[in-house]
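The values are calculated or read from the model by the stated rules, or taken from the named source; none is laboratory data. None of the values given here were measured: they were computed from a predicted structure. No Cβ is skipped: glycine too gets one built from the backbone with ideal geometry, and neighbour counts run over all protein chains shown. With ligands, DNA and RNA removed, areas are computed over all heavy atoms of the protein, side chains included. Shrake-Rupley method; radii C 1.70, N 1.55, O 1.52, S 1.80 Å.
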Amino acid sequence: MDASLLALGLRVGNLLKTRGETVAVAESSTGGLIAASLLAVPGASAYFLGGAVVYTRRARHLLMDLDREAVTGMRSASEPYALLLARTSQRRFEATWGLSETGATGPSGNAYGDPAGHTCLALAGPVETSTMLRTGSDDRLANMIAFAKASLTLFAQTLES
């Protein structure tokens, strides 16, 4: 795993432990890298409650218990959808924070017209925030790492503010 990604996981993990707070993760195109980075920290059970790779509609329904009605008028790889995933993971796990990511890693874009390298990230909890990132790259693995880093950076900056 990328060393800077592990460093971000350690930074967030230590902040959560110090604050006595917890997190649940719902990620898509990062394929578990966010959760893995947070779980690589010794003592992660103090703050990491669980997570899911919500990569398909079926996964969204089975893992997040979100049906078609819950996402009506919403498309994946959008900030509203990322916020829905973050809020849902926070609520389902009764966590302080819910962190989510949804995007298109590549080598091609998604069915909604977003290019490879497009993702939306969201954090729900005492503070809610979301953002969109476009790397301009079609390198799938590089985008997965970039998306996970951006998610953890957003989380760390929120915890530190």
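Of all residues in region 135-161, those that are closer than 29 Å to residue 91 by Cβ and either open to solvent by 10 Å² or more (accessible area, probe 1.4 Å) or acidic (Asp, Glu) (or both) total 11.
At least 2 residues being closer than 27 Å to residue 14 by Cβ, free of Cβ contacts under 8 Å to residues at least 60 places away in the same chain and within 15 Å of the chain's Cα centre (by Cα) is the threshold, and among the strands (runs of 3 or more DSSP E) wholly inside region 89-161 those reaching it are 118-124, 129-134. Take the conditions open to solvent by 20 Å² or more (accessible area, probe 1.4 Å) and either part of a helix (DSSP H, G or I) or touching a residue at least 24 places away in the same chain (Cβ under 8 Å) (or both) and apply them to residue 69. Does it pass? Taking the combined requirement at face value, the residue satisfies it.
Residue selection: residue 66 fails the criterion of being closer than 20 Å to residue 156 by Cα and of a type in the set (A, V, I, L, M, F, W, C).
The set of residues from region 1-43 being open to solvent by 40 Å² or more (accessible area, probe 1.4 Å) and either among the hydroxyl-bearing types (Ser, Thr, Tyr) or in contact with a Pro (Cβ under 6 Å, 6 or more places away or on another chain) (or both) comprises 4, 18. Of all the residues in region 72-97, those that are surrounded by fewer than 15 Cβ atoms within 10 Å (Cβ to Cβ) and either touching an Asp or Glu at 6+ places or on another chain (Cβ under 8 Å) or at positive phi (or both) number 2. Out of (1) in a helix (DSSP H, G or I); (2) out of contact with any Asp or Glu (no Cβ under 8 Å at 6 or more places or on another chain); (3) open to solvent by less than 30 Å² (accessible area, probe 1.4 Å), the odd one out for residue 58 is which? Residue 58 satisfies every listed condition except (3). Of the numbered criteria (1) touching a residue at least 60 places away in the same chain (Cβ under 8 Å); (2) β-branched (Val, Ile, Thr); (3) outside any helix (DSSP H, G or I), the one residue 34 fails is (3).
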